[in-house]
Amino acid sequence: MTQLIPLVDAIPPIAGKPGAPLRKPEEVMGDRGYDSDPHRMDLSCRNIGTAIARRRTPHGSGLGIFRYVVEQSLALFHQFRRLRTRFDKRVDIHEAFMTIGCAMMCWRRLHSSEVHF
């Protein structure tokens, strides 16, 4: 919860389209752990919408559809022993193995979806 605003501030500019690069998201999604009125107000002042579930409300907001993608990606990362338990003390080495893991996951996904004629 304490890292929500620094996380939003750390989003790099999104290039590719003509004009000034986009520097902020249109909307932030989060579970009940991110429910905080000061965070909602701070994001609102930045013109960023929030889809954060409120505490002590019934489930069924529909955010689970998007959360599944994140949970599935984390499960795929856990296939790699070195990423499941972080042994590396240096950030650059850990990020390098994360990049290799991402490349392998993409290759596996693309390779399994090939159509053989």
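The values are calculated or read from the model by the stated rules, or taken from the named source; none is laboratory data. In this text the structure is predicted, and so the values were computed from the model without any measurement. Positions of Cβ are generated from backbone atoms using ideal geometry, with glycine treated the same way; all protein chains shown enter the neighbour counts.
So the values come out like this:
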item: Pick from segment 1-50, criterion of a type in the set (S, T, N, Q) and surrounded by 11 or more Cβ atoms within 10 Å (Cβ to Cβ), ranking: nearest to Tyr68 (Cα to Cα); result: Thr50
item: Count of segment 2-18 residues which are at negative phi and outside any helix (DSSP H, G or I); result: 10
item: Helices (runs of 4 or more DSSP H) contained entirely in segment 19-103, each with at least 3 residues that are at pLDDT 85 or above; result: 37-45, 64-77
